[in-house]
């Protein structure tokens with residue numbers, strides 16, 4: 001929790017470096033695979049190889065750990081977490097889609113607000129705030145689509161590193 005506060009307080013990066021998207025996302029998935037197994041969630045990866053963006057590797061990983069952990073926790077009775085990457089022109093797209101409980105319009109609108117959580121007592125309301133802050137600091141954009149009872153898709157866009 002303290003780390004989340006500090007990340008939000010200083011979203012600027014200590015260093016700007018090359019991020020190999022597939023490699024970093026695989027590391028995030030390795031960290032989260034025990035939680036996926038515990039929840040009976042199947043992880044599906046559809047990666048376009050060779051995608052590189054610019055930013056802080058550790059913050060990138062932290063942001064995607066928060067995002068994917070939320071997806072896994074939204075599927076306590078199993079489901080599928082799809083991680084997909086692709087490009088269109090100069091844009092790198094990362095999709096994180098779960099088949100979990102989903103969110104209504106009000107919940108989507110409030111995502112990223114400090115202390116707002118859909119997890120009751122289990123959530124701090126800081127994870128998504130930090131994730132959105134990291135993505136913004138990396139000049140990225142986030143789009144969220146969700147349907148109650150069907151799941152949620154986060155569509156993140158970054159500029160490709162040339």
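Label point 7 Å out from residue 145 along Cα-to-Cβ: which residues of the range 59-98 have amide N under 19 Å?
Zone members listed by number: 68, 71, 80-89, 91-98.
Given C-alpha coordinates of the range 74-115, what is the ratio Rg to Rh with the Kirkwood estimate of Rh? Could you put the intermediate results ahead of the total?
Working: Rg = 13.8 Å, Rh = 12.7 Å.
The Rg/Rh ratio comes out at 1.08.
Suppose each label sits 7 Å from its Cα in the direction of the beta carbon; what would the residue 160-residue 47 distance come out to in nanometres?
1.8
Using 0.36 nm per residue of separation minus the Cα-Cα distance, give me the extension gain between residue 109 and residue 22 in nm, one decimal. Let's see the in-between values first.
Numbers: separation 87, 0.36 × 87 = 31.32 nm, distance 2.92 nm.
Here the answer is 28.4 nm.
Values quoted throughout were computed directly from the atomic coordinates according to the rules given, and no laboratory measurement underlies them. From a predicted model like this one, the values you see are computed outputs, not experimental measurements. Note: ideal-geometry Cβ built from the backbone for every residue, glycine included; neighbour counts use all protein chains shown.
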